[in-house]
Amino acid sequence: MNYKYKLVAAAVAVVTLAGCSDGAERRRQANQDFNYLNTQPLESWTLPSDAQSAQVNDYAIPAGDYQGEIGPGVDIRPPQQVLALIPGARALRDAEGITLVMVKQQDLDDVWAVTQTLIAEQNIGLRSQTANAIETDWMSWNNEDEDTELGSRYRIEKSVDGSRYSYRIKLVDWREGGAEQPVSVENKERYSILMTNLVTSRYDEQEREQARLRAQQLVKQIPISMGQDRSGLPVIIARAPYNVFWERLPELLGQLGFTIEGRNRSQGVVEVQFKSPDDAFWTELGTQPIDLENRAYNLQLGDLGNRTSINITDTDGKPVTEQALNSLAPVMAAAIDRANQG
């Protein structure tokens, strides 16, 4: 398996967290050079016989036996972080690996199924497999921020303890350039997190696809009518939850002569350019043309619980006429009915 931190869209965040993009050498070197390694050893300070000692301990380095890399061995990349892609899950780190604690049994089962799917898709070999544990064979990583090809093996486990649903990934073996080496603390953490993120990103991708398919099914039964917003102003009402209607709206608008220029889901704004289709289109659809000029508009969606409101303004924020809204409502309804029949 040959990863470059780009398996799925969510894994883009992994690239960002990995640091700059100047290659392995820059990511492991000091600012300018390693001349600091040639610094002469410190010597004890000898006071002149007529001097009085005045010590300040503000910058004193505590005594201790400190273990760690120096020079080119120092890894200056920011640490990896577990991507929060599973709703409600908590990520716990320890010296051995990463544990995801889920809130529901179903979440644990789904992540476990995604793990098996990912292993199959990427042809990852297995050393052993039981109902609750998987031990992989060697996996290769060719990352541009490493000096050589890396290999790793993982043990992946799931467990249930009361209401605690745990999913754990642990890096068990390591090799560089084809040669097995002891697993360093840094590599164990970095590549346990990376593997965890690959699984959770695949989970997120699957959940998004399932949500899209559910939205397609739900949107087939959406009645469209005129109504009023909370201020009493005329709006189009789609009898579907906001998140459902939002997913289907781009396809619906594209059928009616609208070109989407931009979208902001949190604000409920869709920027569009309208160009009315020809007369044959309206005859086939069985409605009158939309009473809008060929120009840019903003659609403003509102979340009304189990319904969604739609209003239209020009680029200056001025609402279109009630007549224009009245012309759009039956067109949207007819387009949905045609899609259901297709």
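The values are calculated or read from the model by the stated rules, or taken from the named source; none is laboratory data. Remember, predicted model here, so these are calculated numbers, not experimental data. Counting neighbours? That spans all protein chains shown, and the Cβs are built from the backbone with ideal geometry, glycine included. Side chains included, ligands, DNA and RNA excluded: accessible areas come from the protein's heavy atoms. Shrake-Rupley method; radii C 1.70, N 1.55, O 1.52, S 1.80 Å.
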Run through every distinct alpha carbon pair of the stretch 90-215 and return the Kirkwood hydrodynamic radius in angstroms, one decimal place. 15.4 Å
If you place +1 on the Cβ of every Lys and Arg, -1 on the Cβ of every Asp and Glu, and leave all else neutral, what size is the dipole of the chain about its Cα centre, to the nearest 20 Debye? 1240 debye
Global size of the chain as Cα Rg and Dmax, reported in angstrom: 29.8, 108
Computed about the Cα centre, the charge dipole of the stretch 90-215 from +1 Lys/Arg and -1 Asp/Glu charges at the Cβ has a magnitude in debye, to the nearest 20, of 620 debye
Among Thr130, Thr196, Pro182 the positive-end extreme of the charge dipole of the stretch 90-215 (Cβ point charges): Thr130
Under 20 Å Cα-Cα from Lys275, which aspartates and glutamates qualify once same-chain neighbours fewer than 8 residues away are excluded? Glu251, Glu261, Glu284, Asp291, Glu293, Asp314, Asp316, Glu322
With the charge dipole of the stretch 224-341 built from beta-carbon charges (+1 for Lys and Arg, -1 for Asp and Glu) about the Cα centre, the Cα from Gly254, Gly305, Pro319 projecting farthest to the positive end belongs to Gly305
Within the stretch 282-342, DSSP-loop trypsin sites (Lys or Arg not before Pro) with at most 12 other C-beta atoms within 10 Å are Arg295
Quickly estimate the mean residue ellipticity at 222 nm for the chain, helices only: each DSSP H run with n ≥ 4 gives -39500 (n - 2.57), and the total goes over all residues, rounded to 500. -10000 deg cm²/dmol
Order of exposure, largest accessible area first, which applies to Thr196, Thr117 with probe 1.4 Å: Thr117, Thr196
Quote the accessible area belonging to Glu189 in square angstrom, nearest 10, computed with a 1.4 Å probe and with ligands, DNA and RNA left uncounted. 80 Å²
To the nearest 20 debye, what charge dipole does the stretch 198-342 have about its Cα centre, counting +1 at the Cβ of each Lys and Arg and -1 at the Cβ of each Asp and Glu? 480 debye
Histogram of C-alpha separations across the stretch 207-342, 10 Å bin width, %: 12, 45, 36, 7, 0
For the stretch 224-341, the accessible surface attributable to carbon and sulfur atoms (probe 1.4 angstrom, ligands and nucleic acids excluded) amounts in percent to 43 percent
Ignoring ligands, DNA and RNA, how do Asp316, Asp204 rank by accessible area with a 1.4 Å probe, largest first? Asp316, Asp204
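Taking the solvent-accessible surface of protein heavy atoms with a 1.4 Å probe, what is the per residue accessible area of the stretch 90-215 in Å²?
I get 48 Å² per residue for the stretch 90-215.
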